[in-house]
Amino acid sequence: MTRLWPALLAVLALGACGKKAAPVNPALRVPVPVTDLRGEVHDGAVELAWTTPTRRADNTRLRDIVAARVYRTEDEGVGDPRPALLVRGRIAGYTELLTLTAMPGPPGAVTKPLLTGALVQVTDRQGLIEGRRYTYVVIVEDGEGRVSPPSSRVSVTFGAAPDAPQGLTAAPGPRQVRLTWQPPARGGPDVLYEVLRAPAPGAPPQVITPSPIAATEFVDGGVENGRTYYYTVRAVRRAAGTIARGGVTPVVAASPVDRTPPAPPRDLVASTAGSSVQLRWSGPTDAEVAGYVVYRAAAGREFERVGSTTAPTTSFVDRDVPPGTYRYAVTTQDATARAIESARSGDVTVTVP
């Protein structure tokens, strides 16, 4: 029996020589930090937004985020803001403002988990004082309790947002809408404006001004004739590197329309064959044409509509015409919702035997 021990020990030694995978450094498994934290003053509060990370420090996919924590510090706005240092899962010298464990949504909506790659938006209204600088930092935590490094800091100098502009009006034109408004009752000389447009009632409006403008009018040229658009305008103030956005005007609707009539047809000619009159003409080349309307006038009488054609047809046969002498003319009808009609072409005269 004792002779078996050396062999057994040798087998155990061989088994112990198997290679094992090197342990993963825990620091490489933490989520990467939020990189796009941004903030602005909006209607008496600070609005923050960021995108949740999708990767870990070792570039593997991050599949779950169970919490996002927002920290804040404040000062007089002199010098650099306080550094953001992570100490035992918290930001040293900052106050934890809130912890998100689900995506905020409208009242009554089903809450959603903090999905990776999701846009998160939160509002801070806690004890804000005009003229104070507030600096924010965000960290996220995965399902195994690993905490990301601090996000990039964002600093906001809180100030009163301007009131909404007054008297917004919209004047539609061909492929455009001209908007005009009056300055807010409370805003100051440094107020700028943003124009917002929505494609339908209740749809979220989008800013269409490339940057805030100082003028109290704006022409929206990126629209289609015959569609209705919904506009609002808000006042904006930029101070100490911070944008403060105020409330918006009531919504006004406008439907662009081209009231310019198209060119009339030209080169109208007519011929007869028994009791029928054959008409031919040339249509305009510089308009969106839906069709043509044909008119006839008996001797001593006014023109009456006797038929129409759909573009691109530029001919028409008027059948069963009673004997007599007649004048014919043709108009162009454009392709807008209003079907605007041109002036009549030059008329031609025929006699039906």
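The values are calculated or read from the model by the stated rules, or taken from the named source; none is laboratory data. This structure is a prediction, so every number in the text was calculated from the model and none was measured. As a convention, Cβ positions derive from the backbone with ideal geometry for all residues, glycine included, and neighbour counts pool all protein chains shown.
Checking the conditions here, which among Ala329, Ala335 is touching a Ser or Thr at 6+ places or on another chain (Cβ under 7 Å) and among the small types (Gly, Ala, Ser)? Spell out how you get there, then give the answer.
Details: Ala335 fails: touching a Ser or Thr at 6+ places or on another chain (Cβ under 7 Å).
Answer to the check: Ala329.
I'd like the full set of residues that are under 28 Å from Gly127 (Cβ atoms) and either touching a Pro at 6+ places or on another chain (Cβ under 7 Å) or crowded, with 17+ Cβ neighbours inside 10 Å (or both), limited to the range 48-64. Write out each step before concluding.
At the first step, the residues of the range 48-64 found to be under 28 Å from Gly127 (Cβ atoms) are 48-52.
Scanning the range 48-64 gives Leu48, Trp50, Thr52.
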With the structure loaded, tell me whether Ala263 is among the small types (Gly, Ala, Ser) and outside any loop (DSSP other than H, G, I, E, B) or whether it fails that test.
no
Looking at Ser271, Ser255 in this structure, which one is loosely packed, with under 15 Cβ neighbours inside 10 Å and of a type in the set (S, T, N, Q)?
Ser271
Odd one out for Asp334, checked against (1) modelled with pLDDT under 95; (2) more than 28 Å from Val257 (Cα to Cα):
(2)
From the option list Val191, Val207, Val223, single residue qualifying as within 22 Å of Glu47 (Cα to Cα) and surrounded by 19 or more Cβ atoms within 10 Å (Cβ to Cβ) is Val191
Across the range 100-159, which residue is surrounded by the most Cβ atoms within 10 Å (Cβ to Cβ) among those that are among the basic types (Lys, Arg) and at pLDDT 85 or above?
Arg153
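Step by step: first the residues of the range 256-282, then only those that are hydrophobic (A, V, I, L, M, F, W, C) and closer than 26 Å to Val223 by Cα, then the one that is nearest to the chain's Cα centre (by Cα). Which residue is that? So that I can check it myself, show each step before the final result.
Going residue by residue through the range 256-282, those that are hydrophobic (A, V, I, L, M, F, W, C) are 257, 263, 268-270, 273, 277, 279, 281.
Those still in the list that are closer than 26 Å to Val223 by Cα too: 257, 263.
Working: Val257: 23, Ala263: 37 Å.
It comes out as Val257.
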Quick test for you: out of Arg72, Arg82, pick the one residue that is touching a residue at least 60 places away in the same chain (Cβ under 8 Å) and either among the β-branched types (Val, Ile, Thr) or under 13 Å from Tyr134 (Cα atoms) (or both).
Arg72
Hits in the range 83-98 (condition: over 21 Å from Val30 (Cβ atoms) and either touching a His at 6+ places or on another chain (Cβ under 9 Å) or surrounded by 17 or more Cβ atoms within 10 Å (Cβ to Cβ) (or both))
Leu97
For the range 237-259, how many residues are at pLDDT 90 or above and outside any loop (DSSP other than H, G, I, E, B)?
4
Inside the range 255-286, can you point out the residues that are under 23 Å from Ala297 (Cβ atoms) and among the hydroxyl-bearing types (Ser, Thr, Tyr)?
Ser271, Thr272, Ser275, Ser276, Ser282
Residue satisfying all of: in the range 171-191; of a type outside the set (S, T, N, Q), assigned to a strand (DSSP E or B) and within 25 Å of Ala244 (Cα to Cα); farthest from the chain's Cα centre (by Cα) among these:
Trp181
For the range 229-283, give me each residue that is touching a residue at least 60 places away in the same chain (Cβ under 8 Å) and of a type in the set (Phe, Trp, Tyr).
Tyr231, Trp281
Sort through Ala339, Ala343, Ala290 and tell me the only one that's on the phi > 0 side of the Ramachandran plot and within 48 Å of the chain's Cα centre (by Cα).
Ala339
Pro262 vs (1) modelled with pLDDT under 95; (2) surrounded by fewer than 20 Cβ atoms within 10 Å (Cβ to Cβ); (3) farther than 23 Å from Leu196 by Cα: all pass except (2)
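Given the options Val32, Val11, name the one that is out of contact with any helix residue (DSSP H, G or I) (no Cβ under 8 Å at 6 or more places or on another chain), modelled with pLDDT of 95 or more and over 11 Å from Val137 (Cα atoms).
None of the others qualify; the one that does is Val32.
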When the range 69-98 is examined, which residues are found to be assigned to a strand (DSSP E or B) and closer than 24 Å to Thr242 by Cα?
Arg69, Val70, Tyr71, Arg72, Thr73, Glu74, Asp75, Ile91, Thr95, Glu96, Leu97, Leu98
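So in the range 303-319, with the set limited to residues that are in a loop (DSSP other than H, G, I, E, B) and under 46 Å from the mean Cα position of the chain (by Cα), which one is nearest to Asp347 (Cα to Cα)?
So the first thing to find is which residues in the range 303-319 are in a loop (DSSP other than H, G, I, E, B), and the list is 303, 311-314, 319.
Those still in the list that are under 46 Å from the mean Cα position of the chain (by Cα) too: 311-314.
Details: Ala311: 20, Pro312: 21, Thr313: 19, Thr314: 15 Å.
The qualifying residue nearest to Asp347 (Cα to Cα) is Thr314.
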